[in-house]
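Each remark here refers to the structure printed beneath this line.
The values are calculated or read from the model by the stated rules, or taken from the named source; none is laboratory data. Owing to the predicted nature of the structure, the values given are computational and were not obtained by experimental measurement. For neighbour counting, all protein chains shown are included, and Cβ atoms are generated from backbone atoms with ideal geometry for every residue, glycine included.
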Amino acid sequence: MLRFLTAGESHGPTLVAILEGMPSGVPIALDRLQREMRRRQLGYGRGPRMQLETDTVELLSGIRRGATLGSPIALLIKNKDASIDRLPVVTQPRPGHADLTGAIKYDHRDIRNVLERASARETAARVAVGALCKQLLSPLGVELASHVTALGDIRAKTGAVTIARVRKADANPLRCLDPAATKQMMRRIDAAVKAGDTLGGVFEVLAEGVPPGLGSYVHYDRRLDAILGHAILSIHAVKAVEVGDGVLGASLPGSKVQDEIFYSKAKGFTRSQNRSGGFEGGMTTGEPIIVRGFLKPLSTLRKPLRSVEINSKRPVVATVERSDVTTVPAAGVIGEAMIAFELARAILQKFGGDSLREVTRNHASYIKQAKAF
């Protein structure tokens with residue numbers, strides 16, 4: 001089974017990830033991996049650390065001569081800002097963070113022991129893992145992209161989205177497909193900077209080329225849309241997830257929501273629309289997967305909120321740590337990584353195989369069977 005673990009603290013010497021279960025023979029292009037790492041660092045409203053860190057990934061095991069071996073893959077990302085032992089003790093928890101609850105849970109009197117691991121810096125390791133998973137998915141025809149659909153109360157007008165169109169969003173400072181909305185978003189970020197405040201928003205991840213029948217309806221924990229929801233909610237600051245037109249659909253009659261089914265010899269089974277976001281009964285339909293993550297405003301404010309000092313219990317203002325104004329553009333890249341991992345895992349569960357050649361053969365046989373159904 002495909003699985004991964006990460007380790008490391010925000011200001012520790014390194015971040016580490018181990019990816020286990022990747023089949024052998026998957027071509028790995030280091031430039032593609034590094035490109036994903038750079039994408040995570042982009043976006044208007046990011047903090048100064050994005051200019052400091054280069055997030056260069058070192059592949060320590062599991063890959064030889066540009067291809068996976070089938071053994072565990074170890075990845076290392078060195079932190080340039082590795083100052084954890086010199087940083088001051090923290091006793092003033094920040095509202096909205098893991099600070100206070102984490103300190104209570106693990107019995108820490110220095111909240112830095114919590115915030116260093118709870119930091120979103122950990123997602124750099126996830127993006128590295130996701131970049132490898134994308135290189136497994138690509139030979140099977142599965143491609144992913146993401147873009148920002150909202151920042152604060154500003155909503156982008158995106159129209160119909162495709163992978164080719166969404167990928168153009170990377171050229172935009174907020175990874176948004178609506179130039180007019182982008183200008184409004186940038187002004188809103190500038191105002192938040194002056195106010196010492198932060199902004200949340202919404203990103204959308206699109207996956208095309210996903211075969212029908214991944215996931216299952218037979219048990220709750222095998223429903224793939226639920227699994228993707230779990231993966232997106234695991235991203236720092238994400239507080240809600242939407243699959244397809246889930247929110248809009250709740251306000252419409254059923255006749256407007258269900259994706260009607262058609263058939264032709266040339267195309268096989270097709271749908272009238274894709275309000276389901278590529279899922280029915282917890283299984284992929286073969287239509288593009290559409291998943292959105294909703295981020296709350298970041299919890300670290302330059303004008304800190306009220307808190308309580310954990311030892312004296314006296315009222316204080318929260319500790320101020322270096323942070324971003326918004327991370328919605330980067331969160332979309334992290335969302336891609338998490339969905340890439342879960343789709344890769346679902347594909348390996350469905351098609352099996354210890355080598356890419358075996359997985360590809362099983363995948364091709366199933367696609368042929370599905371088209372002839």
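How many residues does the range 54-70 hold that are surrounded by 14 or more Cβ atoms within 10 Å (Cβ to Cβ), over 21 Å from the mean Cα position of the chain (by Cα) and in a loop (DSSP other than H, G, I, E, B)?
3
Mind counting the residues in the range 304-361 that are out of contact with any Lys or Arg (no Cβ under 9 Å at 6 or more places or on another chain), in a loop (DSSP other than H, G, I, E, B) and either among the acidic types (Asp, Glu) or at pLDDT 95 or above (or both)?
Residues that pass the stated criteria total 5.
With the structure loaded, tell me whether LEU5 is farther than 23 Å from PRO329 by Cα, assigned to a strand (DSSP E or B) and either under 20 Å from the mean Cα position of the chain (by Cα) or free of Cβ contacts under 8 Å to residues at least 40 places away in the same chain (or both) or whether it fails that test.
Working: farther than 23 Å from PRO329 by Cα: yes; assigned to a strand (DSSP E or B): yes; either under 20 Å from the mean Cα position of the chain (by Cα) or free of Cβ contacts under 8 Å to residues at least 40 places away in the same chain (or both): yes.
Spelling it out, LEU5 is indeed farther than 23 Å from PRO329 by Cα, assigned to a strand (DSSP E or B) and either under 20 Å from the mean Cα position of the chain (by Cα) or free of Cβ contacts under 8 Å to residues at least 40 places away in the same chain (or both).
Which number in (1) closer than 26 Å to ALA337 by Cα; (2) without any contact (Cβ under 8 Å) to a residue 24 or more places away in the chain; (3) among the polar types (S, T, N, Q) marks the one condition that SER323 misses?
(2)
Which one of these does VAL202 not meet: (1) under 30 Å from LEU301 (Cα atoms); (2) out of contact with any helix residue (DSSP H, G or I) (no Cβ under 6 Å at 6 or more places or on another chain); (3) hydrophobic (A, V, I, L, M, F, W, C); (4) in a helix (DSSP H, G or I)?
Of (1) under 30 Å from LEU301 (Cα atoms); (2) out of contact with any helix residue (DSSP H, G or I) (no Cβ under 6 Å at 6 or more places or on another chain); (3) hydrophobic (A, V, I, L, M, F, W, C); (4) in a helix (DSSP H, G or I), only one is false for VAL202: (4).
Quick check: is even one residue across the range 100-118 within 22 Å of VAL241 (Cα to Cα) and modelled with pLDDT of 95 or more?
Taking the range 100-118 first, the residues within 22 Å of VAL241 (Cα to Cα) are 118.
Adding the requirement that they be modelled with pLDDT of 95 or more leaves 118.
Looking for residues that are within 22 Å of VAL241 (Cα to Cα) and modelled with pLDDT of 95 or more, one finds at least one in the range 100-118, hence yes.
Tell me which of these LYS168 doesn't satisfy, since it passes every other one: (1) at pLDDT 95 or above; (2) surrounded by fewer than 23 Cβ atoms within 10 Å (Cβ to Cβ); (3) not in a loop (DSSP other than H, G, I, E, B).
(1)
Take the residues of the range 253-312 that are of a type in the set (Lys, Arg) and closer than 18 Å to GLY229 by Cβ: which is farthest from the chain's Cα centre (by Cα)?
Restricting attention to the range 253-312, the residues satisfying the condition of being of a type in the set (Lys, Arg) are 256, 265, 267, 271, 275, 292, 296, 302-303, 306.
From what is left, the residues that are closer than 18 Å to GLY229 by Cβ are 275, 292, 296.
Details: ARG275: 22, ARG292: 10, LYS296: 15 Å.
Going through the qualifying residues, I end up with ARG275.
Which condition number does ALA103 fail, the rest of (1) closer than 21 Å to GLU20 by Cα; (2) buried (at least 20 other Cβ atoms within 10 Å of the Cβ); (3) hydrophobic (A, V, I, L, M, F, W, C) being met?
With (1) closer than 21 Å to GLU20 by Cα; (2) buried (at least 20 other Cβ atoms within 10 Å of the Cβ); (3) hydrophobic (A, V, I, L, M, F, W, C) applied to ALA103, the lone miss is (1).
Would you confirm whether any residue within the range 127-137 is at pLDDT below 95, part of a helix (DSSP H, G or I) and not small (Gly, Ala, Ser)? Before you say what the answer is, go through the steps one by one.
So in the range 127-137, the residues at pLDDT below 95 come out as none.
Checked against the condition, which is being at pLDDT below 95, part of a helix (DSSP H, G or I) and not small (Gly, Ala, Ser), the range 127-137 yields no hits at all.
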